[in-house]
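One structure is given below, encoded as structure tokens.
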Amino acid sequence: MKILVVEDEQKLNAAIVQGLRSRGYTVDAAFDGAEGERIAREHSYDCIVLDVMMPIMDGFLMCKKLRAVGVQTPVLFLTAKSDVHEKVSGFNVGADDYMVKPFSFDELVARIRAITRRAPTVQGDVLTLNALSLDTRSQIVTINGKVIDLTLREYALLEYFLRNQDAVVTREDILSHVWDRFFDSLSNVVDVHLKNLRKKLPKEYAKRIQTVWGKGYRLIS
């Protein structure tokens with residue numbers, strides 16, 4: 001899952017980004033609403049964590065502008081204010097949820113999972129392929145009940161394939177969803193991690209991740 005964090009307080013921004021990355025999420029960061037709007041329009045995200053009070057453009061205006069151009073990515077607002085009027089204003093411009101600072105990081109992660117479950121492209125907390133099961137809450141992958149030990153990047157790669165079973169995905173698709181926006185599109189990072197993922201999966205599953213020459217890859221269901 002790929003998340004954009006837009007927060008002008010640098011320490012809090014860094015803490016949220018680091019915490020989410022430690023949970024296996026791919027995360028980009030922005031520090032004002034104008035930068036956040038530009039990035040959100042140029043790249044695809046599963047969720048936007050958005051501060052309200054920011055320089056140049058506040059969170060409300062950023063969200064309103066994104067909704068106006070058809071960007072329907074779930075938005076979770078962060079704010080220091082707890083009054084009902086501000087919350088209503090946030091929902092009126094297209095927010096999906098609201099958290100008041102200071103907040104529990106575990107609750108933030110739980111709310112991100114909740115609003116992304118409501119998105120039409122999300123299949124739920126547990127993704128399966130025959131006896132293979134990937135739990136997005138615990139980030140544990142099992143096959144016939146046996147845990148498969150994956151790195152965070154290998155886990156994210158497998159999750160992306162499971163969400164796109166039988167579809168051909170390009171290297172650029174994978175890079176844009178599993179790596180942040182500063183990836184080197186000319187590197188062989190996808191090939192390296194895919195090779196390692198295949199090694200860790202039983203042959204029955206490794207061979208399901210097919211290379212479609214000249215196009216990309218496909219996970220056969």
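Structural remarks
- Antiparallel DSSP beta bridges within the chain, percent to nearest 5: 50
- The C-alpha atoms of the chain occupy a region whose extents along the principal axes are 56, 36, 30 Å, arranged from largest to smallest.
- Under-5 Å amide H pairs with residue 95, H placed in peptide plane, nonlocal only: none
- Modelled FRET efficiency - R0 41 Å, residue 126 with residue 61, Cβ distances, 0.05 increments: 0.65
- Among 28, 106, 173, residue whose mean-square fluctuation peaks in a GNM of the chain (springs only between Cα atoms under 10 Å): 106
- Computed P(r) (all Cα pairs; region 2-117; 5 Å bins; percent): 2, 13, 26, 28, 21, 9, 1
- Nonlocal amide H pairs with residue 29, under 5 Å, H built at 1.01 Å: 5
- Comparing 180, 96, 166 in a Gaussian network model of the chain, where Cα atoms under 10 Å apart are tied by springs, the biggest mean-square fluctuation is seen for 166.
- Two-decimal Rg/Rh across region 126-219, once Rg and the Kirkwood Rh are taken from alpha-carbon atoms: 0.94
- Point-to-point label distance, residue 92-residue 192, nm (Cα→Cβ direction, 7 Å offset): 5.1
- Averaged over residues, the count of other Cβ atoms within 10 Å places the peptides 148-155, 205-212 in the sequence 148-155, 205-212, highest first.
- Relative contact order [Cα under 8 Å, 6+ residues apart], the chain, whole percent: 16
A short reminder: the numbers here are calculations on the coordinates, not readings from a lab. Small disclaimer: the values here were computed from a predicted structure and weren't measured. Neighbour counts are summed over all protein chains in view; Cβ atoms, including those assigned to glycine, are modelled from backbone coordinates with ideal geometry.
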